[in-house]
Amino acid sequence: MKKDRTKPTTRKHHSYRETRDPAPGPALTKVLFEARRDLRSLFAASGLKILAEMLAADRVQLCGPAGKPQPGRTAYRHGRTQGELTYGGRKVLLTRPRVRGTNKREVPLPTWSAYQDEDPLSDHILRQMVSGISTRGYAPGLEPMEEGIRTTGTSKSSVSRQFVARTQADADKFLHRSLEGLDLPIVLLDGIHFGDELVIVALGIDTSGRKHVLGATHGTTESEEVCRGLLRELIERGLVVERSRMFVIDGGRGLRKAIRTVFGTWAVVQRCRVHKMRNVVEHLPERKRAWVRAAMRRAWESRSSDQAMMQLRQLSRQMEEAYPSAARSVLEGAEETLTVIDLGLTGWLLKTLSSTNAIENLQGSQKRMARNVKRWRGGKMVLRWVGVALLEAEKKFRRVKGYVGMPAMLRALDERVKITMDSKRQVA
């Protein structure tokens, strides 16, 4: 009879529930929180101590070791004084050593000069404000400092002054930079309101499909004079006039007249279909709006502008008896909503250039950044905020969807402008 050689299993199987670490209780959580707070204080204190050692080393380098004669030295110790440096998003009041030369003039310490030359405080304030932090919420958002360290520069007024000083020059430079060397066959124009103030923004698209902020101007309305001023400023900064160009606008008469006045037959206009449809349905009761929207979309999906125009006229006739204002709105400027069809655009490029959505998304970023501003004090303040918002937004720009169709679109645009010019010459 064979013996059973199998050995009984003695290993114990532990479940995950038995082996995992227990969740920290309230006492442990408190300990971890205190440790974290102390660690921040340690970093702050250590950084200031290291700075003090670096300043002391600078003084030794300039004056030599303390208490030892230094033949021919050119500097000597001259006590201590109070100074300010930026640290942790605020100005910290520190005691620093002083050094004077044999001519009794102050000798700067290299470390202190290096930190004073930098301006990290305005950078920190700019990042906070761009992220939507208000001037009142700036100080509470900073890391706590070690007790006994005096700080300044975190009050509402101080933060505001720093932000204005930092952004005014940047915004002016950005909104007035040169446009020379940019080939911009597409320009989008749109206005945005900040309280009672209005800013018209110009966005350009180059031949590769990349977007560029061109400029902005302040006004009370989208009048021809205001728009013409913006366009002429763009030309003065390098925008070429004699170039086939398509302007995408929301349908404002002032914009259209300014484009015709400044660019003449070099420009074709594409009216935003989203704004056009919105204008039409405003004249209709709610129950009729879905039907009209669907009819206008079907017309715009036509393969030719003639077919699209025929469908729009038919829609206008159907509404003429019951809704005459809506019927007139359908045909008002309808040809300008069909420019993208005449140019043979399809797919994403057609969708991108048939409306001002590209620039309206840009306008939305400006609204988000300035949402904490409750009172606008004139056009200069508005343009400064707009400039900062546009500068930050441009850093995240991507090429427009459908940019691969740009070469064909540009050929069609050149051909259309050429035909228009030839017809003008024949009439003359």
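Within the stretch 389-421, take every residue that is surrounded by 17 or more Cβ atoms within 10 Å (Cβ to Cβ) and out of contact with any helix residue (DSSP H, G or I) (no Cβ under 9 Å at 6 or more places or on another chain) and give me the one that is farthest from Ser244 (Cα to Cα).
Filtering the stretch 389-421 for residues that are surrounded by 17 or more Cβ atoms within 10 Å (Cβ to Cβ) and out of contact with any helix residue (DSSP H, G or I) (no Cβ under 9 Å at 6 or more places or on another chain), the one farthest from Ser244 (Cα to Cα) comes out as Leu410.
Taking only the stretch 244-282 into account, find how many residues are of a type outside the set (Asp, Glu) and under 20 Å from Arg298 (Cα atoms). Write out each step before concluding.
Taking the stretch 244-282 as the starting set, the residues that turn out to be of a type outside the set (Asp, Glu) are 244-249, 251-281.
Retained after the next criterion (residues that are under 20 Å from Arg298 (Cα atoms)): 270-281.
Summing the residues that are of a type outside the set (Asp, Glu) and under 20 Å from Arg298 (Cα atoms) in the stretch 244-282 gives 12.
Among the residues of the stretch 76-104, count how many are more than 20 Å from Ala57 (Cα to Cα) and modelled with pLDDT of 80 or more.
Total meeting the criteria: 2.
Listed residues Arg177, Arg161, Arg210, Arg150; which is over 25 Å from Leu343 (Cβ atoms) and either at pLDDT 85 or above or surrounded by 21 or more Cβ atoms within 10 Å (Cβ to Cβ) (or both)?
Arg177
Please identify the pairs in which a residue from the stretch 301-315 that is at negative phi and free of Cβ contacts under 8 Å to residues at least 40 places away in the same chain has its Cβ atom under 8 Å from the Cβ atom of a residue that is surrounded by 13 or more Cβ atoms within 10 Å (Cβ to Cβ) and in a loop (DSSP other than H, G, I, E, B), counting only partners at least 6 apart or on another chain.
Here the result reads Ala308/Ser302; Gln311/Ser302, each pair linking the stretch 301-315 to a residue that is surrounded by 13 or more Cβ atoms within 10 Å (Cβ to Cβ) and in a loop (DSSP other than H, G, I, E, B).
So Ala326 fits all but one of (1) surrounded by 20 or more Cβ atoms within 10 Å (Cβ to Cβ); (2) in contact with a strand residue (DSSP E or B) (Cβ under 7 Å, 6 or more places away or on another chain); what number is the exception?
Of the numbered conditions (1) surrounded by 20 or more Cβ atoms within 10 Å (Cβ to Cβ); (2) in contact with a strand residue (DSSP E or B) (Cβ under 7 Å, 6 or more places away or on another chain), the odd one out for Ala326 is (2).
Just give me the residues in the stretch 236-265 being among the small types (Gly, Ala, Ser) and in contact (Cβ under 8 Å) with a residue 40 or more places away in the chain, in sequence order.
At the first step, the residues of the stretch 236-265 found to be among the small types (Gly, Ala, Ser) are 238, 244, 251-252, 254, 258, 264.
Once the filter is applied, which keeps residues that are among the small types (Gly, Ala, Ser) and in contact (Cβ under 8 Å) with a residue 40 or more places away in the chain, the stretch 236-265 yields Gly238, Ser244, Gly251, Gly252.
Looking at this structure, is Ile205 crowded, with 22+ Cβ neighbours inside 10 Å and either at pLDDT 95 or above or among the aromatic types (Phe, Trp, Tyr) (or both)? First the steps, then the outcome.
Numbers: crowded, with 22+ Cβ neighbours inside 10 Å: yes; either at pLDDT 95 or above or among the aromatic types (Phe, Trp, Tyr) (or both): yes.
So Ile205 passes the test.
Looking only at the stretch 266-287, decide whether some residue is β-branched (Val, Ile, Thr) and closer than 21 Å to Leu410 by Cα. Steps first, please.
At the first step, the residues of the stretch 266-287 found to be β-branched (Val, Ile, Thr) are 268-269, 274, 280-281.
From what's left, closer than 21 Å to Leu410 by Cα: 268-269.
Looking through the stretch 266-287, at least one residue is β-branched (Val, Ile, Thr) and closer than 21 Å to Leu410 by Cα.
For the stretch 347-356, enumerate the residues that are surrounded by 18 or more Cβ atoms within 10 Å (Cβ to Cβ) and either within 16 Å of Lys396 (Cβ to Cβ) or not hydroxyl-bearing (Ser, Thr, Tyr) (or both). Give the steps one after another, and end with the answer.
Start the filter on the stretch 347-356 by keeping residues that are surrounded by 18 or more Cβ atoms within 10 Å (Cβ to Cβ), which leaves 349-350, 352-356.
Correct list: Leu349, Leu350, Leu353.
Give Val268, Val340, Val274 a once-over and let me know the one that is surrounded by fewer than 18 Cβ atoms within 10 Å (Cβ to Cβ) and touching a residue at least 40 places away in the same chain (Cβ under 8 Å). Before the answer, list the steps.
Details: Val268 fails: surrounded by fewer than 18 Cβ atoms within 10 Å (Cβ to Cβ); Val340 fails: surrounded by fewer than 18 Cβ atoms within 10 Å (Cβ to Cβ).
Criteria check complete, one pass: Val274.
Mind checking which residues of the stretch 180-192 are small (Gly, Ala, Ser) and either over 19 Å from the mean Cα position of the chain (by Cα) or surrounded by fewer than 14 Cβ atoms within 10 Å (Cβ to Cβ) (or both)?
Let us first name the residues in the stretch 180-192 that are small (Gly, Ala, Ser), namely 181, 191.
Passing the criteria: only Gly181.
Exactly one of these conditions fails for Leu234: (1) modelled with pLDDT under 95; (2) more than 30 Å from Gln318 (Cβ to Cβ). Give me its number.
Going through (1) modelled with pLDDT under 95; (2) more than 30 Å from Gln318 (Cβ to Cβ) one by one, Leu234 breaks only (1).
In the stretch 382-406, what count of residues is obtained for those that are assigned to a helix (DSSP H, G or I), of a type in the set (Val, Ile, Thr) and closer than 23 Å to Trp348 by Cβ?
To start, the set of residues in the stretch 382-406 that are assigned to a helix (DSSP H, G or I) comprises 382-394, 403-406.
Cutting the leftovers down to of a type in the set (Val, Ile, Thr) gives us 382, 386, 388, 404.
With the extra rule that they be closer than 23 Å to Trp348 by Cβ, the set shrinks to 404.
Matching residues across the stretch 382-406 total 1.
Name the residues in the stretch 172-185 that are over 18 Å from Gln363 (Cα atoms) and either without any contact (Cβ under 8 Å) to a residue 60 or more places away in the chain or in contact with an Asp or Glu (Cβ under 9 Å, 6 or more places away or on another chain) (or both), would you?
If the condition is that a residue be over 18 Å from Gln363 (Cα atoms) and either without any contact (Cβ under 8 Å) to a residue 60 or more places away in the chain or in contact with an Asp or Glu (Cβ under 9 Å, 6 or more places away or on another chain) (or both), then Lys173, His176, Glu180, Gly181, Leu182, Asp183, Leu184, Pro185 are the ones that fit.
The values are calculated or read from the model by the stated rules, or taken from the named source; none is laboratory data. Values in this document were obtained by computation on a predicted structure and should not be read as measured data. Neighbour counts are summed over all protein chains in view; Cβ atoms, including those assigned to glycine, are modelled from backbone coordinates with ideal geometry.
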